[in-house]
Every structure is written in C-alpha cells, then in structure tokens.
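Here is the structure we will look at, set down as structure tokens.
The values are calculated or read from the model by the stated rules, or taken from the named source; none is laboratory data. Since this is a predicted model, take the numbers as computed values, not measurements. Glycine gets a Cβ as well: all are built from the backbone with ideal geometry, and neighbour counts include every protein chain shown. Side chains included, ligands, DNA and RNA excluded: accessible areas come from the protein's heavy atoms. Shrake-Rupley method; radii C 1.70, N 1.55, O 1.52, S 1.80 Å.
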Protein chains: 2
Amino acid sequence: MGSAVLDGETVEAILREAGAMARDVLLPLDRTLDRQGARLDGQQVRTAEGHRAGYSTFAAGGWLGLSASEEVGGQALPQTIMAACQEFWHAGSMAFAMGNLLTIGAIETLHQHASADLIARYVPKLVSGEWSATMALTEPAAGSDLSEVRTRAEPAEDDSYLIRGNKIFISYGDHDLTDNIIHLVLARMPEAPAGSRGLSLFLVPKAISESDGRMIANDVRCIGLEEKLGQHGSPTCSMAFGEQGGAVGWVVGQPNRGLQAMFTMMNSARLAVAMQGVGVAERATQAAEKFAAERLQGIDSRTGRGIPIEQHPDVRRMLKAMRSMTTIARFLALSTADAIDRERKSVSASNRRTAKLQADILTPIAKGFCTQTGIDVADTAIQVHGGMGYIEETGVAQLWRDARVTSIYEGTNGIQAIDLIGRKLSGEGLSVILDLIDGFTRDAKKLALRSPESRMALSMVEDSLRHLRDCAHHITTAFAEAPGAALVTAAPFLRLAGLTIGTSFLVRAITVCEDEGQQARLGAILQFTAALVLPETMGLARLIVLNCSSELSYSDIASTGPDADARRAK
Amino acid sequence: MGSAVLDGETVEAILREAGAMARDVLLPLDRTLDRQGARLDGQQVRTAEGHRAGYSTFAAGGWLGLSASEEVGGQALPQTIMAACQEFWHAGSMAFAMGNLLTIGAIETLHQHASADLIARYVPKLVSGEWSATMALTEPAAGSDLSEVRTRAEPAEDDSYLIRGNKIFISYGDHDLTDNIIHLVLARMPEAPAGSRGLSLFLVPKAISESDGRMIANDVRCIGLEEKLGQHGSPTCSMAFGEQGGAVGWVVGQPNRGLQAMFTMMNSARLAVAMQGVGVAERATQAAEKFAAERLQGIDSRTGRGIPIEQHPDVRRMLKAMRSMTTIARFLALSTADAIDRERKSVSASNRRTAKLQADILTPIAKGFCTQTGIDVADTAIQVHGGMGYIEETGVAQLWRDARVTSIYEGTNGIQAIDLIGRKLSGEGLSVILDLIDGFTRDAKKLALRSPESRMALSMVEDSLRHLRDCAHHITTAFAEAPGAALVTAAPFLRLAGLTIGTSFLVRAITVCEDEGQQARLGAILQFTAALVLPETMGLARLIVLNCSSELSYSDIASTGPDADARRAK
C-alpha cells in the first residue's frame, strides 16, 4: 500500500477537513451555481455570485496540491486519499469541483512530461490554485476519435510554437476565478503523421509568464458558452486559439507523442470522474434516506400515526439498492486508486508491474460503472421523492442533471468498455483479471466460513465471479475472432465487471475490517447487494454468452416509426 | 375485437391525420413550450407563444371526442385507435398533449358516472374542446395515499355543494387555452367515513354554466405554479377551492364512492400515460437513429471515408435496444387498449369478463413498463448523441426531462407494481395471467415451427415466459404469507411481466401479420429483443425467487455516508 507512511489518525483528519470544505463552502454554493450558471461578457466568462470567493477559500486550503510532489509545493499524499477527498467535493458541488479535477490532472501531467523550465514557470501556481488548467482535446469533427484533430502548431522562436485552431466542450475554458488559465492542447506539428500518432501536446497559457515575472496576454479567446442540461456552474467553452496570428505554446513531452502525455491527464481525470459518480450517488442516497424518513403516507392502524415511506416495501427496496450501489462503486473506485498507489510505490518491480496492469484494467471499469451508478442513483432519488422529485426546488433533479454528463465526458462509457475489451484484456490483461477473480473467490470462501449468516450472500458473490470468469474467456475469444460482434457486448461486460468486482472489494473490506460496528454495517450492505443488486449479473452473463457465441444476424433492423419509410426512401 | 366495424383503410386514414397533426402543429411548438413554459399573471396562467393557436387547431380537428360516445358529439372509435393517436401527439409534444389526455379522461368519467343534466351541460363542450378538464386529487399531505384527502364538500342549494380545500400538482389547473376549465375534485362530505371510503367526486367548473347560458365565475383560483424539471409547457398548479366562501360543485356518481368514479379517470389516464412513454421512446429512437446515421467518427481504411457511428458496435447495440424496447412497449400498450375494447364490445358476457380481467392486469403493467421505457430510451438517446446530447439545443435532453415525470404521476410506478401484486393477481387474476402465458407459449411454439431462423429468439421468449409463470406463483404465494416481504419484489415483477408480455405480443403480431415486409421487419426486431433485451428477465427472475423464498434479513442497513452517524444520533 502506498499509504504505509500515513497513520489512521492523520488520514481521518484530512478526510474530515475535506468533508468540512465540501459541507461549509461547496454545498452552500451549489444551488446558486445551478441557477446563475456562467455567462459570456465580451471575451470574458463571468462565474456565478460567490463562485470566486468559494474558489479562493478552496485553493487557500492547499487541496489542489494534495497528491502533487513536494518539489512543486504539493503534499505527495497517495491517490487513495485524493480520490476519497474528491468524493466529498463532488458531493458538495460537482460543477464547482469539476474545475479542480482538471487542474489536478494538469499538475500530474506537466510534472511527468514537461520540461524543467515549464514546470518551474507554471506548476507551482497551479498547485497553489493561483492559476487553473484545462484539457483541450475535442474539436467539432473530432469527438471520441482524436485522430481527426486539425489544430496546427508551427515552430516559432525560443522553442515555442504558434497554435491555431478551435476546440469545443472545454470545461472551465475561461472564467474569472484565477488570473491565468493553462490550456493543455492537442495539435499537429507540420509534417506530422496523419492520425493519432501525429498529435503533440502543448501548454498554451491564457497569459504568458515571462521569466522576468511580466504577464503577456496570449492569442486565446472564448468564443461561445454551451447551454447544458446540468453543471451550469461549470463553463463549457468553445475556444479559439490563434485567431490573431497564433497562440504561443510549448510542447509537453515528445513531439508526436502527445497522446501518451494526454493519457496521464485522461487517466487522472477518469478516476476523478468515477469519484464524481460516487459523490453524487452518496449525496442522492442521503437526500432520499432523509426524505423517506420524514415523509409520511398511510396510517399505522395500531398506533394511529403516519407511516414514514421508508417503511413501504418498494421505497425500502429503492433505498437499499441505492446504498448498495453507492457502496460498491466507492470500493471499486478507491481500490482503483489503491492500485495506482501500489504501481507507484511498491518496493518490488514485479508488484509495481502487477499493480499497473490492475490499474489499467480497473480504471475504465471504475469510470464506466461509477458514473452510471451516480446517474442511476440520482434517478432513483427522484423516484423516492415522488412528485417533489420533479420540482427543481427539491434539488434532486439537479443532481441527476449534473451527473448525466459523467457517462459522456472523459471518454464515453462505451469507449471505456471498448478500451477494456480491446486493449486492457488482450495479452497479459486476461490473466490479471483471472488472478483478481481467484483472489476474490478465496475471500468469499474465507468469509463464508467465518460468518455463516452471510453464506447465502457470498454464494451469490461466487456465482457472479464465476459468470465474470466465463464471460472474460468468452469475450476475449470472440474478440480475437470477430472484434465487431464481440464489442456489442463490451458495455454489458463492463457492467458485469463493475458489479462483481465492486462487491468483491466490499467482501474483502469485511474480511480485513477490525472495527466490529463497521464490519456489521458493511455486512448488512453485502446482504442487500446480494439480494437486490447481484441478480442482474445473471442476465448480463446470459446476454454476453448469447451474443458472443451465437449466429445472431446483426443485419438492418427496420424502423417501425412513422417517418422510417420516408427516411429510407430518401 | 372492438374495432371490427372499421376497415383498414379508415384506420390508416385516421392515423395518418393524427400523425400529421403531431408533425405539423404539435412538434413545431414543442421547443417554445419548453423554453417559455407558462407563467402566473395575477390569478391567470398564461401559456407560451403559439400554444393557444395550436390548441384551437387541435380541438377543431375533433380529436378530443375520438372515443367519446356519439350522444355527446364523439366518434365512438375504439380505445386502440385513440391510444395509437395519442402516441403521435405525445411524440409531437408531451407538454401539449398532456392537457388533452386529461380532457379525454374526464369525458369518459363524466359520461359513465355523472347525471344526465351534468353531462348535457358540460360534456359536449369538453368534446368540442371549447372547455378543458383537470383531475384534482393530490393534496400536500395526500400524495399516493388518497385516504388523507381533507378537502370538504358542504351541501348547498339545488343539489350543489360548496367545496373548500387546496389541491397541488394539478396539471393544466389553470391556463388561457379555453374559456372554462372543469375540475374533477375529490372531497369529503360531512359525516363521511374516514379514509378512502369517505371520498366523493365533484365537478367544479372554473365558470358555472347556468341553464340560460350565462357563465358565472366560481370560487376557484390558481395560487401557484411549480418550476419543474420538464414539461414546462404544461402548467402544474396549486389550486385553492372556496377561499371566498366555497366553490360550487356537483357530485359525480354516488356519495362516498368518489374513488370508484375516479378510477375510470385514472385507468384512462394510466393508459394514456403509457402512450406518452411509447411516444417519447419513438421520438428519441428516431432522433438517435438519424444522428447516428449522419455523425461520422473514424475513417474506413478501405474507402477513406468517415464511418457513421451507427456502424460502431456499441452504438449499434444502443440503437437496436432502443428500437426493441420501443416496439415491445407499443405492443404492450396497444394490446391493453385492445383488452379494454373487448371488455366493452365483446358479444359474449364471459369474453367481456375475461377481457376486463386482462385489462385490469395489463393496465398497471403498461403504465409502469411503458413510462420507464420512455425515460430509458430518451436517456439512451442522450448517450448516442455524446457531448451533443448534453446540450439543450439538441433537444434529446428535453425528451428525457419531459418523460421523467411519467413514472411518477397517475400513480407512481411503485404503486402500479403494488396494485398488480396486491389487487390484480389475487383471486381470479392469477389464473388469467397464467392463461395469457399459456397462449403466448403456444404462439411461440407455432412461430418456431414456421420460422426456423427465429428458433433461438423464440426459445428465449419461452424461457422468459417460464420465468414469468414461476415468479407469478412465487410472488402470489409469498404475498399471501408476508405481504411486506413479497412487495419488495413487486417492481421487479412488473418489469419482468412488461418485458415478457410485450415481447409475446410482438410474437403474436408476427404470427398474424399478413404483410411480408412488415413481418420481416418485426421478425428482425424480435431477434434483437431476444439477444439484447430478454436476458434481463433471467436476472429479474433470480431476484424475485431469491427475495420471495429466502430469509433475507431486511433489518436496518446503516448509512456509511459522512452524515449518517450525526443523523442517527439526533
């Protein structure tokens, strides 16, 4: 474990502070950010009332450098701690914390790939929060497929480049929270190969920091703000680089290897986005639990008193499933962070290598599963609130609106599933996931011996693990033969893996937990997970095996809709 | 079949006109209704630009009286035709068509339960669309549980009553589309028994229609408008009845039997809301199909041309599942309408009785399953659109926002599931659903003989039918022993029934379809349904059997959230 140097008390103190920041600073801002959003005032994006003050408080807490190395002013704490803190912040206000997620990812990316000079000039001010960062990949014709990126970079004086091109969907692309904004921009050098192997990553600041301390405005401009379903407080910008001749930028990492550098940013962002899912799920679960404890419907004939809806069986089912899903998503995401910590800090090279392969596999599963869980749990919170859930003032509808984008950005969940099957489970990956499954199966058997009351639940866990193992074999075999057909089942496979592995980490936590009360609470969640959540794995396994092994004709399926014939005739 | 007197050409002409109305009048208004919503101007709700003109065009088409009896100016067409037309209108604009749904339900309720005098004075103007209607049940303390209704009705002169009380969540409770609004209000007469057996239904007009033709303002006022997640064009009102002494109303049906009369309205509304689900699912599917055919990502190395995302396996999976779900939801809802038609028009009393029992069972399944399908398919449409799906301008986010309330109003989907298990499957109901299952199984076997290429798909259908049969036995047995525990599985059971019965009606349609092209299209949808949709039934069956038969401890499951201990300590 990378966190071996930290004692439990220190960890608890950090988490308590992170939670206090979420509760006292972010949460009170969340409604205003949704209501007021951000607006474009000439070339400048203006944020909502209180956003700037809240940001200053957050930055002053030193939170942006929590996991950054000490050389750049950070605290070098493990990813596990950072991820746990992110849950609090995203639960407090996802639209607020979205900006920080990008700065944190940029700090890591620059630290790993940029030159010493760039690091010295830009990273400490990101760590202090005086400046913030963005990730500028997407273009109108290049969404999920970055090989189509058209932004150009021409060599200029002093190792710099002149960047020209437009980017869209840039979160926090402009705002008034900080004096400078550092854009990490994917662009193409002259004569670069076509496709994604010709992309380089550039640091393009809104204002250039001269070595003498002067700041010079760069040729970077926000030319539009999106009106979105949610996350109104997080400005989503269309950015123009180099309209006036060229935005000055510097290459980060090797020329034409921009995607490799960007992967550092994306992996950091993917885990952080998984934590958005966990955070919103926790907040939605708490909101539903509170409402259901207070809202009365029906009269108890014995006492003559109103019955809280939490006692009605269907509401109970929803509450228990929300709590189960939130818990297994949290264990999955934090265990992914733990694998990253072990990859970086394990003493033995072979342990680091295994941990890296585990982190590679777990990251897309955590991103896909936890974000979908956040959306689903927020959706169920609306249902628990009944008619009140549909009223904006109640606040749970905002949770759903805010969460909805998490399954789309930082690589859609479909892309995560394809990454899992097409890249992560090929080669060594298969044996890594099979080893994980073996370990989980041993945990389940061990706990069943110790805890007879959990035996039924644990036999469900073992069933799910067996399905996951079978499906991993089926899907990798099918992928080798006919990738297209196999990838139809990629998303269901990711979900099967998320449900099963998340629950298995919960089982593991019970086996190692030393606090009896906490162990009992987790044991109760395991019961509900087995009863209400894990049965879904049976259907998923059936779907995967069926589609990977049969000769289903994926020929054209006609629309029976009123306009289909007309469209077809065109 | 109730529609025996109609030839195919007439039906097609009616549907074509209903579709044209949706396309040419409702659809162009839909965005404006969402953007402008409705506003409260003093005591008067003002609708969005164009709403009134659109309503006049719609009413002038005679659509509100499509299924009303000829005595009141209607066309006495079957419910099946009305339901099919409603799909078009809700696909065009759910917020617009929501108002009509209520007027149509009120026409039916008044025709069945009101006195001849009330019918003569009010119903023809509802049929012509000069006036509209509402359904005023909910009060702040009485949501799903109507036994808590506190609105009072005091006898007054000429068989009238004075109504005093407040109602909330009244769709189209006030607006400027018509000169009068007829409220159907649940209230309590003096000395009425407590609970739901003491409720009477009253007709309370916004303006009283005197026999000499004069109109007198009644003591009815809109005192608030909700700001909702969606359906902004449909004003959701808080209504005050009798603030100035009493709103004049007349009883509809027998005193203290208001719930029975209201059930007519609710059943009509439940089927109509199911059609909202089908309508929004169809529109979302078409939107996603169109986008996925046009949006290019990646380059085909053989042709050098962009690849439409519809060819990417994960997008393909989503599109096929959307089309499958939309189709089986449509078959389920239209077959429910058909059962209602057979209940009313079958020659033999025993056929009418069987049809009534079928309609009773199918109505909650259709309401629950089709509304959830509308929400889910709209959600998937957002995902297919990627980042564009999160931008309001694209329009698919609005579909989701508009659809989200359908699983809540007209009885939450949890209430539908409880109604299915607790009322509809007790007694005779069980054998009715078992007979349906037997018939569906025969259809599947018959089609498998005729169509060998569908054999795999049909064996999946038979598996699902077997699961549904087993679970119907399990859940009714468990309900008799421990209702609370059994009801935990009510919602999963409703979903299992919806998936299985919807698909079975699709199979039946294929077996009776005489148009070869149509048969092939439906056959292709059956393949995808079996491959991508039906596997879910395996997981649902496992969940139901597990929870109905095991000794799962539904004791308190503790929150692991940060605030849980604090809340518990209070």
Quick one: accessible surface of A:V405, probe radius 1.4 Å, all protein chains present, in square angstrom to the nearest 10. 10
On average, how many beta carbons from a partner chain sit within 10 Å of the beta carbon of a residue in B:263-273? 0
If one takes the longest principal axis of the Cα atoms in chain B, at what angle in degrees, from 0 to 90 and to the nearest 10, does the Cα axis of helix B:516-528 lie? 80
Taking the convex hull of Cα positions in the protein assembly as shown, its mean projected area over all directions (nm²): 44.7
What are the ³J(HN,Hα) couplings of region B:297-308, residue after residue, when phi is run through the Karplus curve with 6.51, -1.76, 1.60 and θ = phi - 60°? Round to Hz, x for glycine and proline. 8, x, 10, 6, 5, 6, 9, x, 9, x, 9, x
Could you give the distance between the Cα centres of region B:336-404 and region B:273-298, to the whole Å? 15
Modelled FRET efficiency - R0 35 Å, B:L434 with B:R344, Cβ distances, 0.05 increments: 0.90
Using the Cα centre as the reference, give the magnitude of the dipole from point charges on the C-beta atoms of chain A (Lys, Arg: +1; Asp, Glu: -1; all else neutral), rounded to the nearest 20 debye. 1100
Apply the Karplus curve 6.51 cos²θ - 1.76 cosθ + 1.60, θ = phi - 60°, to the phi angles in region B:241-253 and return the couplings in whole Hz, x for Gly and Pro. 9, x, 4, 9, x, x, 8, 6, x, 10, 6, 10, x
What number, rounded to the nearest 500 deg cm²/dmol, is the helix-based mean residue ellipticity at 222 nm of chain A, given -39500 (n - 2.57) per DSSP H run of at least four residues and division by all its residues? -18500 deg cm²/dmol
What are the distances, in nm and sorted shortest first, from the label point of A:Q43 to the label points of the same position in each other copy, with each label point placed 7 Å from Cα along the Cα-to-Cβ direction? 5.6
I'd like the antiparallel share, as a percent to the nearest 5, of DSSP beta bridges with both residues in the protein assembly as shown. 85
Projected label distance in nm at A:A20 and A:M215, using a 7 Å step from Cα toward the beta-carbon: 3.0
Within 10 Å, count the other beta carbons around each residue, average over each peptide in A:309-315, B:527-533, and list them highest first. B:527-533, A:309-315
Axis carrying B onto A: which residue of B has the nearest Cβ, and how far, whole Å? B:G539, 2
Exposure ranking of B:T477, A:T503 by accessible area [1.4 Å probe, largest first]: B:T477, A:T503
Between region B:1-75 and region A:171-226, the Cα center-to-center distance that results, in Å: 52
What's the local net charge at A:V315, with K and R +1, D and E -1, over the other residues with C-beta under 12 Å away? +1
Could you state the angle between the C-alpha long axis of helix A:428-450 and the longest principal axis of the C-alpha atoms of chain A, as a value from 0 to 90 degrees rounded to the nearest 10? 40
Could you give, in nm with one decimal, how far B:D438 is from each other copy of that position, shortest first, with labels 7 Å out from Cα toward Cβ? 5.3
Looking at this model, which pairs from A:K228/B:K367; B:K167/B:K228; A:K167/A:K424 are more than 24 angstrom apart at the alpha-carbon? A:K228/B:K367; A:K167/A:K424
In terms of the Cα gyration tensor, with a ≥ b ≥ c the square roots of its eigenvalues, is region A:58-179 rounded because a/c is under 1.5, prolate because a/b exceeds b/c, or oblate? oblate
Figure the gain on full extension for B:Q112 and B:I299 (residue separation times 0.36 nm, minus the Cα-Cα span) and round it to one decimal in nm. 61.1 nm
Test item: A:289-296 mean partner chain Cβ contacts at 10 Å: 2
Rounded to the nearest 10 degrees, what's the angle between the helix A:258-294 long axis and the longest principal axis of chain A, both from Cα atoms, 0 to 90? 40
Which value, in Å² and to the nearest 10, is the accessible area of B:D300 when all protein chains are kept and the probe is 1.4 Å? 30
Difference of contour (0.36 nm per residue) and Cα-Cα distance, B:Q43 to B:K445: 138.5 nm
Would you kindly work out, in nm and rounded to one decimal, the distances from the label point of B:A20 to those of the same position in each other copy, ordered shortest first, with label points 7 Å along Cα-to-Cβ? 7.1
Does region B:30-122 come out rounded, prolate or oblate, given a ≥ b ≥ c as the square roots of the eigenvalues of its C-alpha gyration tensor, rounded meaning a/c under 1.5 and, failing that, prolate meaning a/b above b/c? oblate
From other protein chains only, count the Cβ atoms within 10 Å of every residue's Cβ in A:380-391, then give the mean. 6
Please get the size of the charge dipole for region A:417-545, origin at its Cα centre, with Cβ charges of +1 on Lys and Arg and -1 on Asp and Glu, quoted in debye to the nearest 20. 120
Can you give the accessible area of B:R150, probe radius 1.4 Å, in Å² rounded to 10? 150
Burial-style ranking of B:345-356, B:108-119, B:239-250, average other-beta-carbon count within 10 Å with highest first, yields B:239-250, B:108-119, B:345-356
Using only the Cα atoms of region A:158-234, build the gyration tensor, take square roots of its eigenvalues as a ≥ b ≥ c, and label the shape rounded, prolate or oblate: rounded if a/c is under 1.5, else prolate if a/b is larger than b/c, else oblate. oblate
